[in-house]
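**Q** Structure in structure tokens, see below.
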Amino acid sequence: MEQIQVRNAAAMKQPPKITSESITVGGKTYATDTFTNVTPTILEKTTRQLHLIPSHPIAIIKDLISTSFPDFKHYDKFSPVVTTKENFDDLCFSDDHPGRAVTDTYYLNEKIMLRTHTSAHQLQAMTESDKLLVTADVYRRDEIDASHYPVFHQMEGAQLFDTKTAVEDIRKSIAADLASSGASGSINTTDTTVITPENPKQDCHDEAAMLAVADHLKHSLNMMVRRLFAHEKDLQVRWIEAQFPFTSPSWEMEILYQGKWLEVLGSGVIKQDILKNAGKPDKIGWAFGLGLERLALVLFGIPDIRLFWSQDERFLRQFEPSQIQKFKPFSKYPACIKDISFWSNENFHENNFCEIVRDVAGDIAEDVQLLDEFVHPKTKKRSVCYRINYRSMDRNVTNVEINEIQEKLREEVVKRLKVELR
Ligand code: DAH
């Protein structure tokens, strides 16, 4: 497995090629079809691998979290190109799950896609390891603003126990952990979750074993955030019920940040079918998945998610491996605002519009807002007006340049969305 990973990491640096018939990425070529919706701008992101640059905030958080899981095997070089089986079917997603929609997911073709979460590698990694971490770039079609970006990074973790001895093994492990760290008292955790028919124990599981696994999961993750937020005196953490196709019961962890509860991670007791498919029917285990940008925005005080992708030295030279330092803002370049109005049609989806904006403007598109909409009283046609805020993180943009981009956007919107400009 290590071999496969290493080869992928090097191959991923080669520039992707995209034609109407095929897409080459990571040194492999895939035929396109009617599902194909990846764009050159998105494919270019697969070459960056921010989580492998030691002085990048994403990699710093990754390394800090992994110190909480010292004997876990850490996979961080899986290719982002996966099958729909790995990303969805293997994880018990229903056939009509909304995550599969072409408006939400980037497809190379009907069967091949860019992973939408690190869970896509759970099964493969679990066939090899009982304690594992997976860190990777993940891709989702989304809106455009300071906290949404179509590429972000996740870390997945899982730990498996022998079902027969789980209760005793976990009791000993937690006791040893508390004795050696002594830090558990300083975290303020609320957990009012209960096992309900909506968030049930799996029939195949023994109740005591399942509860022990849940305790171990929450204990391990409480310790992890405590270490990560060591400088924060009164860290407030809470656990709430959640729902994922691949775990039951499931929970989310939230932390209180600037007066708001912020979702940090999803987790739960792994569906037993997944363990069976991994060749481990006699194990029981937990898994979690967390978003690294979310934590980096909070810990480093970074105001805009696009900064992670900046090549500006004023950003990059602020950080050092293993250190959390507050980001010092540098002056922003001026923004340039443009509006576009058109009659939409029944196939119109905002994500498709945002995709075209990203495609023609790249990272210069800072924000896209629906400014106005109305339905014509006679024709019943719906008119929309979007406001686009263009700004570069690295340089001054000129009005001439933005006018050209806006003109290109107007052409592409008509061509690809079959709408009528107003
Ligand atoms: N894959 C989920 C997401 O992207 C996060 C997640 C939830 C991962 C629960 C897990 C898990 O491993 O057990 O939203």
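The values are calculated or read from the model by the stated rules, or taken from the named source; none is laboratory data. Quantities reported herein were computed from a predicted structural model and do not represent experimental measurements. With ideal geometry, Cβ positions are generated from the backbone for all residues, glycine too; neighbour counts draw on all protein chains shown. Remember, those area values only see protein heavy atoms, side chains included, never the ligands or the DNA or RNA. Shrake-Rupley method; radii C 1.70, N 1.55, O 1.52, S 1.80 Å.
**Q** What pairs from Lys260/Lys338; Lys73/Lys164; Lys13/Lys415 go past 30 Å between their alpha carbons? The partial results should precede the final answer.
**A** Values: Lys260/Lys338 32 Å; Lys73/Lys164 24 Å; Lys13/Lys415 32 Å.
Check vs 30 Å cut-off fails for Lys260/Lys338; Lys13/Lys415.
**Q** Moving on. When all protein chains stay in place, what accessible area (Å², nearest 10, 1.4 Å probe) is found for Phe246?
**A** 20 Å²
**Q** Another question about this same structure. Top to bottom by accessible area (1.4 Å), largest first, where do Val397, Val269 land? Please list the in-between numbers first.
**A** Values: Val397 25, Val269 0 Å².
From most exposed to least exposed: Val397, Val269.
**Q** What are the trypsin sites (Lys or Arg not before Pro) within the stretch 229-335 that DSSP puts in a loop, where the Cβ has at most 11 other Cβ atoms within 10 Å?
**A** On the way: sites: Lys233, Arg238, Lys260, Lys271, Lys276, Lys283, Arg294, Arg306, Arg314, Arg317, Lys326, Lys332; in loops: Lys233, Lys271, Arg317, Lys326, Lys332.
Those that pass, being in a loop and sparsely packed, are Lys233, Arg317, Lys326.
**Q** Report, in degrees rounded to the nearest 10, the 0 to 90 angle that the Cα long axis of helix 399-417 makes with the longest principal axis of the chain.
**A** Once rounded, the angle reads 80 degrees.
**Q** What are the chymotrypsin sites (Phe, Trp or Tyr not before Pro) within the stretch 338-422 that DSSP puts in a loop, where the Cβ has at most 15 other Cβ atoms within 10 Å? List each step's numbers first, then the result.
**A** On the way: sites: Phe342, Trp343, Phe348, Phe353, Phe374, Tyr386, Tyr390; in loops: Phe348.
Here the sparse-neighbourhood loop sites are Phe348.
**Q** At a Cα cut-off below 15 Å, give the aspartates and glutamates reachable from Lys380, other chains included and same-chain residues fewer than 8 away excluded.
**A** Glu346, Glu420
**Q** Here's something else I'd like to know. What does the extension gain come out to for Ile337 and Ala9, with contour length at 0.36 nm per residue minus their alpha carbon separation?
**A** On the way: separation 328, 0.36 × 328 = 118.08 nm, distance 3.85 nm.
The Ile337-Ala9 span can extend by a further 114.2 nm.
**Q** Distance in nm between label sites at Arg317 and Trp261, each 7 Å beyond Cα in the beta-carbon direction?
**A** It is 4.4 nm.
**Q** So if we plug the beta-carbon distance of Glu407 and Asp95 into 1/(1 + (r/R0)^6) with R0 = 51 Å, what FRET efficiency do we get, rounded to 0.05? Walk me through the numbers on the way to the answer.
**A** Details: r = 42 Å, r/R0 = 0.82.
Calculated transfer efficiency: 0.75.
**Q** Throw me the Rg/Rh for the stretch 2-316, computed over C-alpha atoms with Kirkwood Rh, two decimals.
**A** The Rg/Rh ratio comes out at 0.96.
**Q** If you don't mind, another one. According to a simple spin-label model (label point 7 Å from Cα along Cα-to-Cβ), what is the distance in nm between Leu421 and Thr192?
**A** With each label point 7 Å from Cα toward Cβ, the separation is 5.4 nm.
**Q** Still on this structure, I have one more. So, with a 1.4 angstrom probe, what is the percent of accessible area on the chain that is carbon and sulfur? Please report the intermediate quantities before stating the final value.
**A** Values: 9900 of 19500 Å².
It is 51 percent, rounded to a whole number.
**Q** Once you keep just the Cα pairs under 8 angstrom separated by 6 or more residues, what percentage relative contact order results for the chain?
**A** Values: 755 pairs, mean separation 63.0, N = 422.
Here the relative contact order equals 15 percent.
**Q** Quote the accessible area belonging to Ile388 in square angstrom, nearest 10, computed with a 1.4 Å probe and with ligands, DNA and RNA left uncounted.
**A** Estimated to the nearest 10 Å², Ile388 gives 0 Å².
**Q** Now, a different point. Is it possible to state the helix-based mean residue ellipticity at 222 nm for the chain, with each DSSP H run of 4+ residues giving -39500 (n - 2.57), the sum divided by total residues, to the nearest 500 deg cm²/dmol? What is it? Mind dumping the intermediate values first?
**A** Working: 12 runs with 125 residues, N = 422.
Estimated from H runs of four or more residues: -9000 deg cm²/dmol.
**Q** Same structure again: Report the accessible area of Ser55, computed with a 1.4 Å probe over the heavy atoms of all protein chains in place, in Å² rounded to the nearest 10.
**A** 40 Å²
**Q** Can you list the HN-Hα couplings for the stretch 188-201, worked out from phi with the Karplus curve (6.51, -1.76, 1.60; θ = phi - 60°), rounded to whole Hz and with x for Gly and Pro?
**A** 9, 10, 10, 9, 10, 5, 9, 7, 10, x, 6, 9, x, 5
**Q** Counting only heavy atoms of protein chains, what accessible area per residue, in Å², does the chain have with a probe of 1.4 Å?
**A** Details: 19500 Å² over 422 residues.
That works out to 46 Å² per residue.
**Q** Sticking with this one: Could you let me know the centre-to-centre spacing of the stretch 361-422 and the stretch 220-279, using Cα atoms, in angstrom?
**A** Taking the Cα centre of each part, the stretch 361-422 and the stretch 220-279 sit 38 Å apart.
**Q** Output the relative contact order of the stretch 336-421, whole-number percent, from Cα pairs under 8 angstrom with separation of 6+ residues. Don't skip to the end; give the middle numbers.
**A** On the way: 120 pairs, mean separation 36.2, N = 86.
Relative contact order here is 42 percent.
**Q** If exposed GluC sites (Glu not before Pro) are those in a DSSP loop with at most 10 other Cβ within 10 Å, what is the longest stretch of the chain that has none?
**A** 22-197
**Q** Treating the angle as unsigned and between 0 and 90°, give the value, to the nearest 10°, between the Cα long axis of helix 57-66 and the longest Cα principal axis of the chain.
**A** 10 degrees
**Q** For the stretch 152-226, which trypsin sites (Lys or Arg not before Pro) are in a loop by DSSP, counting at most 15 other Cβ atoms within 10 Å? Before the final figure, lay out the partial values.
**A** Numbers: sites: Lys164, Arg171, Lys172, Lys201, Lys218, Arg226; in loops: Lys164, Lys201.
Those that pass, being in a loop and sparsely packed, are Lys164.
**Q** Another question about this same structure. Please get the size of the charge dipole for the stretch 2-316, origin at its Cα centre, with Cβ charges of +1 on Lys and Arg and -1 on Asp and Glu, quoted in debye to the nearest 20.
**A** Dipole about the Cα centre, nearest 20: 760 debye.
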